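The values are calculated or read from the model by the stated rules, or taken from the named source; none is laboratory data. None of the values given here were measured: they were computed from a predicted structure. Here the Cβ is made from the backbone with ideal geometry for all residues, glycine too, and neighbour counts use every protein chain on show.
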Amino acid sequence: MRMFKSPLEAFKYIEQQEEIRRKKLEQLSVYVCVGTGCTANGARKVYEKFKEVLNERNLNISLEKLDDPDENNNPVKKTGCCGLCSLGPLVKIIPYGFTYGHVKPNDVEEIVEKSLLKGKPIERLLLTDPISGKKVEKLEDATFFKNQSFYIMDAIGTSECESIEDYMGRGGYKSLIKALSEMDSESIVDTIKASGLRGRGGGGFPTGFKWEAAMKSKGEKKFVVCNGDEGDPGAFMNRTLLERDPHSVLEGMIIAAFAIGASKGYAYIRAEYPIAVEMFNKAINDAKEYGFLGENILGTGFNLDIEVKEGAGAFVCGEETALLASIEGKRGVPRPRPPFPAQSGLWGFPTLLNNVETYANVPKIIRDGVENYRKRGVESSPGTKMFSITGPLKLTGIIEIQFGTTLRHVIEDICGGTSNGLKLKAIQIGGPSGACLSEEFFDLPLDYDTLKSVDAMVGSGGIVAITEDRCMVEVARFFLDFTKRESCGKCVPCREGTMQAYTILEKFTQGKATYEDLENLEYLSKIIKTASLCGLGKTAPNPILSTLKLFRDEYIEHIEGKCPSGMCTALKKYVINPDLCKSCSLCARFCPQGAISGERGKPYVIDQEKCVKCGICFEKCKFNAIELIG
Amino acid sequence: MKIYVNGKETIIDDNARNVLEALKEVGIEIPNLCYLSETSVYGACRMCLVEVEGNGIVTSCTLKPYEGMRIKTHTPEIYEMRRGILELLLASHNRDCTTCERNGQCKLQKYAEEFGIRNVRFEKLDKSNIFDSSSIIIRDNSKCILCGDCVRACEEIQSVAAIDFAHRGFEAQVVPAFEEGLANSECVYCGQCVAYCPTGALTFRSDVKELYNAMESGKTIIGMIAPAVRSAVQEELGLEGDMVIAGRLVNFLKMIGFSKVFDVSFAADLVAYEEAHEFKERIEKGERLPQFTSCCPGWVKFMEQFYPDFIDNLSTVKSPQQALGTLIKKYYAKEAGIDSEDICVVSFMPCTAKKFEAEREELAGQVDLVLTTKELAQMIKSSGINLKYMQPEPFDRPYGLSSQSGLSFGKTGGVLGSVINVLKEQIDISEISTEEEEKGIRVTKIKIEEGKELTGIAVFGLGKAREVLERIKSGKLEVDIVEVMACDYGCIGGGGQPYPNNSAKREERAKILRDTVGMDVLISPVENYHMRELYNKYLVKPLSEESHKVLHTSFRHRKRVSGEDIDILPLPLDEEEKVTVNVCLGTSCYSKGSYDILSDLIEMANREEWAENLEIKGTFCLENCGASPNVLVNGEIISEATTEKVRKVLEKYVSKEKA
């Protein structure tokens, strides 16, 4: 590696890398996805196996490639997350483009034999398009792929997550060069403002205004901070991005630091994301070696140091003031704003704080220009957004779509609808701060303002599909269980209120709630929402409020002693149908609680006081005499 | 600045810190449970919500006023919010109000009353059951509302930070480090947390019952009253501004069975007199300067805890409480023909740390009971005796006479002023000028002969004291004598004073004390003829052998981390015959080579004759990690130690032992 002394030198090198990458993609190689999802399914073993097998058979593959010790020329490459986490480990064969899912080390020999050497796809490993139900040879041919708009997620399946050269090969750091050599603070900030980029962390605050405030703030020093403390249950967009393309985030941070005049940056990444931390640290080191980071960046005199701070697992540290307190080494607790971090942030100095995905948008905006950038998305929410999809859908994982796409499009045309054959009841969007939307909202365009208008939010981008077998009260209880545990405990409404709200919701799921509880729940939600100190508290009642609004019937039914979905076991009741009971006593013998009694010739009876609803009698009865009510 | 409050044009202070403070000055006290004007804004209780046009409902403690802003402070919605917050707090609050220390003086109780809360609609949820009575400060977390006032008072005002938040959400707690008891923390018992706690979560140990027990056992009860008590006890008794309360208190105590009541101010004169001579001696010898006053027990513990290097600089003169206790037990008992064992000395103090001081190993037995102003007020109220109708009676002689100096010990600057008054008799002082450098720090310049100048500083608040110490340490500040009072405004702001105990109240008390001082006819301690008599009769002269025995004490380095030392080379000898060396083996010291020093010492003790009386121990953390490795020789700390450095100190001790 070499340290670039000027933007021009770096630019020329990048052009070479682009050429190298173009050629590389024409040559025979294997890409193994090593994101967290695929790694958990054994992707790294598959990767090692490929290396081993190719080494053994080096006579069959062009020698010059295998003999080269440089990792970059190794025909097996680690690629970042493709978003299809449920199908991992994923393997892509270049230049044919065959994409295989659920690959095991045992498949490697066959892949090498057939696909690599003979150029033939292996039918059984190919991905199934959930919409057409047919196998697809190439990822790019799948409907779910075509129906997305990849922008931030660059070069799916062929981006080498550990290689800065590959990032340069995709035009990386050209935006930084442009910013450093052709732009100044004002013009960068103006560009970001004009792009209409909005914060991807949840609130959707216009990024450019934040930058402007940080730029105009006076301070002995300034900081840029990247918020990678993604803590929503079921959300992993930021993790994916940091793992698959850390340099895009880093480049965004460097441009931001240059624009506002910061000399120090922190990437606050959850410690639970070890791969992301590793990737980002590597990215920082590599960028330093090339001179994109550190002292006198590209010979322009601009200095910036960036380091990773690992979050210790508190959800509230995703809140900006708590995050800053945590970086300072204090207890991660929010403080009242103003002053906003842009005025007084880390150690009292102006601090610019943006989400991982927000920063990743920056190089694209600089590269493509405002007009091109705004071609994606809608007027008030330009660009694309990554979402993480969970729930009983045919395809789950990470997707990227343009703002303005409808939920229905996401669910049906990308994810292929439900996988359990049941009807979709609701979509929970925006994590624990988000709302549950019922079917009448599925055709609304997904963008910041539209969602806000129906009391929902884009949030960080978690989408949970909920089918009709799920209880909405239980869904609310689940999220409150999360927020009450993750509340920092500072302000009264959040600390005490979420606990009380949780207690009431638990009463509902246990069939002990009254109409007064319903009233109290609404009252509580209002207090927590209005009076809480930070975003965590202010949004904590959203799962309750939205389910109360759209699924109120379910709450009422719980009060009346029924859980319509049958999920709340406490509300279930096993009874013996006297007409069907043959008084064989089988159920009574198996009942662990001794709750069933009876005598020969008469139907048996379940003592509801003793019954723990384990369902063993239900399974054991040979005459279907035991029925589940509720 | 003109703003509109509830539709009315209102002129507020342009420099008001926030809307909450601004409106308080114009007669609108917005309910709040976590706001202290003395500390940073916390914004956690959410009670002080107001509605601002164009900005919705926001907390007024974090709201900067601006010209023309329109605020509503009491809308139905805000009322509902506040009520809800109160109910939420009450739902998980230990509501044993009738047996609570703060019964009738609790802010939460007050709001519950004002909002007419008669039932709490939420489920009763039990909070922590942490109850810590390990020290004189009692913590009952079942009554804690997590307003953080104590945490901020301890950290921001006092820089002690003995307590902080732990755990999250509903489980959040205020605890000392490692959830230990306060006795095992760096708490200095100043009681400022008690002073600012709005509920009964932080209180202090009541010793009233002990007093009645002592009375019942037939002991001779001798009382003494501190200056600051008589500036504040009035607040509890509906006698605000009463200047002769001391006399009424004497009358009251006599009525309930005290045989004598002396004045702590007498001992204050004595302490100042002794301390001034000590100061003069140090100046002449040029050693142990600057001299720090030591009459404040919170400050003394603070020094022992955080600045053990400065322990030698503390004046060794006892505090007035302990000095008077000693005089009573030693001389008065003899004169009155009572066995000192049969005397129970009871001191009435504004201070919680005084309870701790009386129990210190070095001082135990001199004062038997310390009761705070609050406890005294309780006794008076429970007796049904209305002090308004009590004639003032004089303090008993001989320890009942005091000068203005002694009386002013109750507030900041009092000790320093008294010492200067005594010095005036000893040396030529041509000019004295005092200037307030910042709130809490007053600098006095004393011009003496040949153009020389002495500098004295009076500090209040341990946070400010720490600042001053750091400046002295770094050489940025040259000073000869420093008076420190742990609590803001001095003893009048002590942790044992009545509620509310905020800056505004303390300023009122300071005024009462100033006025009371002005009534005294004697100005300097040197004029106190009873004190002179004491010297003639017993003490001979200041700093005499007798006076050292009676009036002086010692201090010690306090290790915060408990745990036994490890015997490495134990010696079966009497304590006097051996020299004990503690080598710190804590992480920092170990990594900087303390283990090598330990090995060298063992080698030395085994081979070299002079070192045969060395007892070597391993210890953990002397809390001086910044200057590791640390070795302790007979209690003397050697920082950045090397074997050579330790050897030199050891040789000194060994030769002393032999001699």
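Things to note:
- Selection of the stretch B:605-619 for residues being in contact with a helix residue (DSSP H, G or I) (Cβ under 9 Å, 6 or more places away or on another chain) and either among the β-branched types (Val, Ile, Thr) or in contact (Cβ under 8 Å) with a residue 24 or more places away in the chain (or both) yields B:Ala605, B:Trp610, B:Ala611, B:Asn613, B:Leu614, B:Glu615, B:Ile616, B:Gly618.
- Any chance A:Glu519 is of a type outside the set (Lys, Arg) and within 7 Å of chain B (Cβ to nearest Cβ): no
- Residue count for the stretch B:139-148, restricted to those that are touching a helix residue (DSSP H, G or I) at 6+ places or on another chain (Cβ under 9 Å) and more than 13 Å from chain A (Cβ to nearest Cβ): 2
- The combined condition, being free of Cβ contacts under 8 Å to residues at least 60 places away in the same chain and either part of a strand (DSSP E or B) or more than 30 Å from B:Gln426 (Cα to Cα) (or both), is not fulfilled by B:Leu622.
- Boolean, A:Cys436 is within 14 Å of another protein chain (Cβ to nearest Cβ) and crowded, with 24+ Cβ neighbours inside 10 Å: no
- Applying the criterion of at least 1 residues that are out of contact with any Leu (no Cβ under 9 Å at 6 or more places or on another chain) to the strands (runs of 3 or more DSSP E) found wholly in the stretch B:126-234 leaves B:163-166, B:173-176, B:202-204, B:220-225.
- Per-region count, the stretch A:467-521, residues assigned to a loop (DSSP other than H, G, I, E, B) and under 30 Å from A:Arg337 (Cα atoms): 5
- The residue of the stretch A:505-519 that is modelled with the highest pLDDT, among those that are polar (S, T, N, Q) and surrounded by fewer than 17 Cβ atoms within 10 Å (Cβ to Cβ), is A:Thr514.
- Within the stretch A:1-12, tally of residues that are in contact with a helix residue (DSSP H, G or I) (Cβ under 9 Å, 6 or more places away or on another chain) and either over 20 Å from A:Leu180 (Cα atoms) or surrounded by 16 or more Cβ atoms within 10 Å (Cβ to Cβ) (or both): 5
- Pairs are defined by a Cβ separation below 8 Å, a sequence spacing of at least 6 or placement on different chains, a first member in the stretch B:355-375 that is part of a helix (DSSP H, G or I), and a second member that is acidic (Asp, Glu); the pairs so defined are B:Lys355/B:Asp207; B:Ala358/B:Asp368; B:Thr373/B:Glu236; B:Lys374/B:Glu236; B:Glu375/B:Asp207.
- Residue check for A:Asn361: buried (at least 22 other Cβ atoms within 10 Å of the Cβ), among the polar types (S, T, N, Q), more than 14 Å from chain B (Cβ to nearest Cβ) and assigned to a helix (DSSP H, G or I): yes
- Filter pass, B:Ser544 being in contact with a Cys (Cβ under 7 Å, 6 or more places away or on another chain) and either surrounded by fewer than 21 Cβ atoms within 10 Å (Cβ to Cβ) or modelled with pLDDT of 95 or more (or both): no
- In this entry, B:Ile446 passes the filter for residues that are without any contact (Cβ under 8 Å) to a residue 40 or more places away in the chain and either in contact with a Gly (Cβ under 6 Å, 6 or more places away or on another chain) or buried (at least 20 other Cβ atoms within 10 Å of the Cβ) (or both).
- Test: A:Ala342 is buried (at least 22 other Cβ atoms within 10 Å of the Cβ), more than 14 Å from every other protein chain (Cβ to nearest Cβ), within 24 Å of A:Asp447 (Cα to Cα) and aliphatic (A, V, I, L, M): no
- Of A:Ala283, A:Ala262, A:Ala256, all but one fail to be in a loop (DSSP other than H, G, I, E, B), among the aliphatic types (A, V, I, L, M) and buried (at least 24 other Cβ atoms within 10 Å of the Cβ); the exception is A:Ala262.
- Residue under evaluation A:Ala314, criteria (1) under 22 Å from the mean Cα position of the chain (by Cα); (2) among the aliphatic types (A, V, I, L, M); (3) buried (at least 24 other Cβ atoms within 10 Å of the Cβ), criterion not met: (3)
- When the stretch A:415-449 is filtered for residues that are within 16 Å of the chain's Cα centre (by Cα) and farther than 23 Å from A:Phe315 by Cβ, only A:Cys415 remains.
- A search for C-beta distances below 6 Å between a residue of the stretch B:389-405 that is at pLDDT 95 or above and any residue that is assigned to a loop (DSSP other than H, G, I, E, B) and hydrophobic (A, V, I, L, M, F, W, C), counting only pairs 6+ apart in sequence or on different chains, returns B:Pro392/B:Val244.
- Test: residue in the stretch A:103-115 that is touching a Leu at 6+ places or on another chain (Cβ under 7 Å) and closer than 21 Å to A:His409 by Cα: no
- In the stretch B:415-425, the count of residues that are over 23 Å from B:His552 (Cα atoms), β-branched (Val, Ile, Thr), over 18 Å from the mean Cα position of the chain (by Cα) and buried (at least 17 other Cβ atoms within 10 Å of the Cβ) is zero.
One line per residue, one yes/no per condition, for (1) within 14 Å of chain B (Cβ to nearest Cβ); (2) buried (at least 24 other Cβ atoms within 10 Å of the Cβ):
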site: A:Lys423; (1), (2): no, no
site: A:Gly430; (1), (2): no, yes
site: A:Asp449; (1), (2): no, no
site: A:Arg485; (1), (2): yes, no
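- Qualifying positions in the stretch B:511-525 - surrounded by fewer than 21 Cβ atoms within 10 Å (Cβ to Cβ) and either of a type outside the set (Lys, Arg) or touching a residue at least 60 places away in the same chain (Cβ under 8 Å) (or both): B:Arg514, B:Asp515, B:Gly518, B:Met519, B:Asp520, B:Val521, B:Leu522, B:Ile523
- From B:Cys344, B:Cys295, residue being within 30 Å of B:Asp396 (Cβ to Cβ) and within 19 Å of the chain's Cα centre (by Cα): B:Cys295
- Matching residues, the stretch B:518-550, being closer than 15 Å to B:Ser418 by Cβ and hydrophobic (A, V, I, L, M, F, W, C): B:Leu522, B:Ile523, B:Val526, B:Met531
- Single residue of the stretch A:487-516 satisfying the filter (more than 7 Å from chain B (Cβ to nearest Cβ) and of a type in the set (Lys, Arg)) that is farthest from the chain's Cα centre (by Cα): A:Lys512
- Qualifying positions in the stretch B:367-395 - buried (at least 20 other Cβ atoms within 10 Å of the Cβ) and touching a Lys or Arg at 6+ places or on another chain (Cβ under 7 Å): B:Val370, B:Leu387
- Scanning the stretch B:167-202 for residues that are β-branched (Val, Ile, Thr), within 14 Å of another protein chain (Cβ to nearest Cβ) and in contact with a Lys or Arg (Cβ under 7 Å, 6 or more places away or on another chain) yields a single hit, B:Thr199.
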